[in-house]
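Structure first, then comments.
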Amino acid sequence: MEEKCTNEPYLLLMQTSKAIQEQMKTEMTNHKLSITEFSVLEVLYLKGKQTIQQIGSSILISSGSMTYIIDKLEQRDLVKRTACPDDRRVIHVFLTETGIIVMEKIIPKHRDLIDNMFSDLTDQESHTLVKLLKKVKKRVES
C-alpha cells in the first residue's frame with residue numbers, strides 16, 4: 001500500500017518551489033536562457049569576476065556542470081574566462097559587454113517578477129518566512 005506524505009509544510013514548500021521554478025523557466029525562455037545559465041549570469045552581474053568554484057558554490061552546481069554552462073555562455077559571448085595571473089590553475093569568469101547589456105535588460109523584469117510573487121506578504125510575514133526557512137535549512141545542514 002502506498003503511503004502519502006502528510007507533512008504539509010514540506011509539500012507546500014516543494015509545490016511553491018516548483019511553481020516559482022516554472023515561472024522563472026518561462027521568463028528565461030523568453031531570453032533564450034536556462035535557469036542555470038541565468039543563475040551564472042546573475043552571480044557575475046551582482047558580484048563581478050568569480051572563479052568557477054565560487055560561482056558553483058553560489059548556485060549549488062558542481063564544477064563539471066559549471067564548465068559546460070560556462071562553455072555555452074562563452075560561445076554566446078556573454079561571459080569570458082581568464083587565467084589567474086597568480087595561480088594558473090584558477091580560472092576567473094566575468095561578464096562581457098554583451099553579457100552586461102543582456103543582464104541590464106533582464107534584471108529589472110526578473111526583480112519585478114520576484115517582487116510580484118511575494119507581494120501578498122506583509123513585511124512581518126516575509127520576516128517570519130525567512131526566519132522559518134533558515135531554521136529548517138540549519139536543521140537540514142546539521
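The values are calculated or read from the model by the stated rules, or taken from the named source; none is laboratory data. The model shown is predicted, which means the values in this text are computed figures rather than measured ones. A quick note on method: Cβ atoms are made from the backbone with ideal geometry, for glycine too, and the neighbour counts reach across all protein chains shown. When the accessible area is computed, the model is the full protein with side chains, heavy atoms only, and any ligands, DNA or RNA have been set aside. Shrake-Rupley method; radii C 1.70, N 1.55, O 1.52, S 1.80 Å.
Couple of notes before you dig in:
- Test for THR96: is it out of contact with any His (no Cβ under 6 Å at 6 or more places or on another chain), at pLDDT 95 or above and loosely packed, with under 10 Cβ neighbours inside 10 Å: no
Table: residues versus (1) within 24 Å of ILE35 (Cα to Cα); (2) surrounded by 10 or more Cβ atoms within 10 Å (Cβ to Cβ); (3) touching a strand residue (DSSP E or B) at 6+ places or on another chain (Cβ under 8 Å).
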| residue | (1), (2), (3) |
| --- | --- |
| SER57 | yes, yes, no |
| LEU60 | yes, no, no |
| THR67 | yes, yes, no |
| LYS72 | yes, yes, no |
| ASP77 | yes, yes, no |
| CYS84 | no, yes, yes |
| LYS105 | yes, yes, no |
| ARG111 | yes, yes, no |
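- Looking at the range 48-142, the helices (runs of 4 or more DSSP H) lying wholly inside it that each contain 3 or more residues that are over 15 Å from the mean Cα position of the chain (by Cα) sit at 63-75, 97-117, 123-141.
- Residues that are among the acidic types (Asp, Glu) and more than 30 Å from ILE100 (Cβ to Cβ) were ranked within the range 2-38; the one that is least open to solvent (accessible area, probe 1.4 Å) is GLU8.
- The lone criterion from (1) open to solvent by less than 50 Å² (accessible area, probe 1.4 Å); (2) within 17 Å of ILE114 (Cβ to Cβ) left unmet by TYR45 is number (1).
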